[in-house]
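Computed from the coordinates by the stated procedures, all read-outs in this text should not be read as laboratory data. Quick caveat, the model's predicted, so the values are computed rather than measured. Reconstructed Cβ throughout: ideal geometry from the backbone, glycine too, with neighbour counts over all protein chains shown.
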Amino acid sequence: MGVAQSSEVSSLAGYASVQVAVEKSLYGAGETVRGYAQLAVQQPTKMSSVTVQLVGEAKTTVHYTTHSGSGKKRKTHHHTARETAPIVALEARVADFPSGSAPAGTWQCPFEFVLPLDAPSSMARHGAGRNTASLAYYAGVVVSRPGWTRSNLVHRVMIDVVAAPPALVAPPRRDEAVKVTRCCCIPAGDMTLGARPSKNAYVGGERPEVLYAVDNASTQVVERVSVTLYQNIRFNAGTHGHFFRSVVASVVGPPVAINDRFGFDGGAPARSADIQLPPTFSAFSLRTRTIEVTHQIVVQSKTESCFVKDPYIALDTWLYRAAPLPYAVPLDEGEAPSIPTAVPIAYAPNASLALPGAPACPTAVPIDTTGDGVADSWGWDTSGDGRVDKVQAMT
């Protein structure tokens, strides 16, 4: 059961309430989100239709400064740019009232949506101050009234979405050879570093194993070989961007002596480094138009001289999750709390509460809009006439 947000439209207060219930709170990409809009109408109420939306939004805020004047009159002005980028935007009309009035009674109007196969995972608010990013999904109910120019979102329920795991493969080893120099560019021999992770993607709590090789044909001792997993978060709001990097986990290997060689032909076996990942993260690998979260395992040898060019290898990897976030994903990012938190209603479908003449649940049909044989959009029958009347891109 999701965490609901609810508010009665002032013109409905005392006459009717409209809420939404979903089957569960956690969904995987490609799954079907089932639920219903529940109408509790105390007396006939002006209402023309009820629509349910399944929405995924990436919300970003970026702080930036501008300057005016010069010299002692130079001033710095602080600004905050905000952007909301749609990830998923599906909707279905679940109730029509041609007479412009909803009858008294309690009604359930079912719906179902299929999440895109490549839907990214929900992301809790990440960042600090006025530089933040989040990605959240919700199912919301929209009420339209005769004579009104705009509809009203009256209830919404948060859902947590988990992206499909990537195909797991064992990447090949990568090597990096450098010419070692000392102060004043004095040649000091050669050094080759090699590294290979056990696979290309991991979940929280795992211990990624990285095999690394060193051929130290130089006159410098390698003090240590570090293996570090970095998280890079880059996001933008309009033309303004923000980037920050953090260490997820790290381990340090023993020194490598001059002329020592392991992991290469003629040398000792490669060494192994295991990184202990935390059980969960607040951000997982994802790429959207406004938010990009990437991860890299960086293997680097560090010599005893600060003037030596140290070889390093950056291995792109993927962090994904299979469990709910242990904290709530924010629904609003810098918005007025126009829809305050309310107690969610339980999911308890009852066929006897079906609204007479309500449209059937819309059916999603994967379709190929480019002719390349690969479905890249959803076709939707939103009117119940058996024909696709709306196309929605998968991302």
Volume per residue of the C-alpha convex hull in segment 96-167, rounded to whole Å³: 169
Normalised per residue, the volume of the convex hull around the Cα set of segment 20-88 (Å³): 210
Ellipsoid equivalent to segment 250-325 - semi-axes via the Cα gyration tensor, in Å: 33, 16, 12
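Arrange the peptides 60-68, 163-171 so that the one whose residues have, on average, the most other Cβ atoms within 10 Å appears first.
Values: 60-68: 15.7, 163-171: 13.2.
Descending mean neighbour count gives 60-68, 163-171.
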Semi-axis lengths (Å, descending) of the ellipsoid that matches the C-alpha gyration tensor of segment 55-180: 43, 31, 10
For segment 156-205, size of Cβ-based charge dipole, Lys and Arg +1, Asp and Glu -1, in debye: 0
Cross-link pairs beyond the 30 Å C-alpha cut-off, checked among Lys24/Lys199; Lys199/Lys302; Lys199/Lys309: Lys24/Lys199
Net lengthening on full extension, Ala177/Phe243 (0.36 nm per residue, minus Cα-Cα): 20.8 nm
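As a test of understanding, state the convex hull volume per residue of segment 149-239 from its alpha carbons, in Å³.
Working: hull volume 20.5 nm³, N = 91.
Roughly 226 Å³ of hull volume per residue.
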Two-decimal Rg to Rh for segment 156-308 - Kirkwood Rh, Cα set: 1.07
Set of lysines near Lys46 by C-alpha distance (under 29 Å), chain-local residues within fewer than 8 positions excluded: Lys390
